[in-house]
1. Does segment 53-87 hold any residues that are touching a Cys at 6+ places or on another chain (Cβ under 9 Å), buried (at least 19 other Cβ atoms within 10 Å of the Cβ) and under 17 Å from Arg106 (Cα atoms), and which are they?
2. Taking segment 88-123 on its own, how many of its residues are loosely packed, with under 14 Cβ neighbours inside 10 Å and either touching a residue at least 12 places away in the same chain (Cβ under 8 Å) or under 18 Å from Val135 (Cβ atoms) (or both)?
3. Can Ala30 be described as part of a helix (DSSP H, G or I) and touching a Leu at 6+ places or on another chain (Cβ under 7 Å)?
4. In segment 34-53, which residues are in a helix (DSSP H, G or I) and either within 13 Å of Leu102 (Cα to Cα) or hydroxyl-bearing (Ser, Thr, Tyr) (or both)?
5. Scan (1) under 16 Å from Asn88 (Cβ atoms); (2) within 12 Å of the chain's Cα centre (by Cα) for the single condition Phe25 breaks and write down its number.
6. Can you name every residue in segment 1-52 that is modelled with pLDDT under 85, in contact with a Gly (Cβ under 8 Å, 6 or more places away or on another chain), open to solvent by 40 Å² or more (accessible area, probe 1.4 Å) and not aliphatic (A, V, I, L, M)?
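The values are calculated or read from the model by the stated rules, or taken from the named source; none is laboratory data. Computed from a predicted model, the values in this text were never measured in an experiment. So basically every Cβ, Gly included, is an ideal-geometry build from the backbone, and we count neighbours across all protein chains shown. Note: areas computed on protein heavy atoms with side chains; ligands, DNA, RNA excluded. Shrake-Rupley method; radii C 1.70, N 1.55, O 1.52, S 1.80 Å.
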Amino acid sequence: MAHAIQLRLPATPWPQDGPLGHGVFAEGFATRLTAELLPEYATAEHLWFGPGHDGWLAESERRLPEARAEILACLDTTEPGVQRRYLNLNGGHHLPDRIGYLVGVRAVGQLRRAYSWAELARWGTDRAMVELRRVLAGCAES
């Protein structure tokens with residue numbers, strides 16, 4: 001439901017396919033909103049749609065700075081293999097599967113400090129990419 005709201009609210013709806021940054025922002029938006037609405041579920045359950053992934057979350061948290069830097073470096077990439085590497089089962093890539101979801105959740109969490117859900121949902125792809133790039137670049141420095 002969060003995807004349906006966020007992808008259609010801007011004056012220019014988000015495209016079906018886009019660069020990695022679109023996917024990271026959209027998945028971060030949807031997962032973070034769901035986690036806020038349903039706080040009784042653990043973070044790993046929101047990120048994997050069920051229990052049993054606490055080890056994955058611990059490893060992903062440990063590798064988060066590396067993942068943020070890699071995702072920032074290829075934020076504009078539209079290559080399907082890059083999308084899969086960070087948002088699906090990564091096919092042997094050195095980072096944990098689906099780590100892009102966690103990167104997105106953390107980035108949207110930072111954006112939520114300054115913006116409401118309604119504001120975030122109305123951002124077009126250009127604004128979302130600018131803000132995501134800014135947050136990821138700031139994280140990479142600290």
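1. Arg68, Leu72, Tyr86
2. 4
3. Numbers: part of a helix (DSSP H, G or I): yes; touching a Leu at 6+ places or on another chain (Cβ under 7 Å): no.
For Ala30, the condition - part of a helix (DSSP H, G or I) and touching a Leu at 6+ places or on another chain (Cβ under 7 Å) - is not met.
4. The initial filter retains those residues of segment 34-53 that are in a helix (DSSP H, G or I), namely 34-37, 43-48.
Result: Thr34, Ala35, Thr43, Ala44, Glu45, His46, Leu47, Trp48.
5. Single failed check for Phe25: (1).
6. The answer is Thr12, and nothing else.
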